[in-house]
């Protein structure tokens, strides 16, 4: 999986957490989740459990060795990364929509 979306694609899959915070119709819910780190931490834990259903045992161990603790620390510390993540993710639909124009400009200079 990559952390970059270049443009619209029929097979484009956006992870649940990103989909939630990028959906402007769900902005009130997303902002409510940020009101207390307990809510946001619960959401991260819920999504972690979904992710781990498809991991091998070795991948689960790897997750708990590095990215898991980093994510948990960033979610719980204050000021944390949750607000910045939300602000960036909120703009995802606009950025994906703008990328075809950017790619065309890039090709002109290539």
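The values are calculated or read from the model by the stated rules, or taken from the named source; none is laboratory data. Not measured: the values here are computed from a predicted model. With ideal geometry, Cβ positions are generated from the backbone for all residues, glycine too; neighbour counts draw on all protein chains shown.
Scanning the range 22-46 for residues that are under 15 Å from the mean Cα position of the chain (by Cα), in a helix (DSSP H, G or I) and surrounded by 15 or more Cβ atoms within 10 Å (Cβ to Cβ) gives 22, 30, 33, 34, 40, 41, 43, 44.
Of all residue pairs spaced 6 or more apart or on separate chains, none has beta-carbon atoms under 8 Å together with a first member in the range 20-32 that is free of Cβ contacts under 8 Å to residues at least 24 places away in the same chain and on the phi < 0 side of the Ramachandran plot and a second member that is surrounded by fewer than 12 Cβ atoms within 10 Å (Cβ to Cβ) and not in a helix (DSSP H, G or I).
In the set (1) more than 21 Å from residue 12 (Cβ to Cβ); (2) in contact (Cβ under 8 Å) with a residue 40 or more places away in the chain, the condition left unmet by residue 108 is number (2). Residue 58 is checked against (1) within 30 Å of residue 103 (Cβ to Cβ); (2) assigned to a helix (DSSP H, G or I); (3) free of Cβ contacts under 8 Å to residues at least 60 places away in the same chain and fails just one. What number does that condition carry? Of the numbered conditions (1) within 30 Å of residue 103 (Cβ to Cβ); (2) assigned to a helix (DSSP H, G or I); (3) free of Cβ contacts under 8 Å to residues at least 60 places away in the same chain, the odd one out for residue 58 is (1). Step by step: first the residues of the range 1-21, then only those that are in contact with a helix residue (DSSP H, G or I) (Cβ under 8 Å, 6 or more places away or on another chain), at pLDDT 75 or above and in a loop (DSSP other than H, G, I, E, B), then the one that is nearest to residue 47 (Cα to Cα). Which residue is that? Going through the qualifying residues, I end up with 15.
Could you tell me how many of the residues in the range 61-82 are part of a helix (DSSP H, G or I) and within 18 Å of residue 15 (Cα to Cα)? Final tally of qualifying residues: 7.
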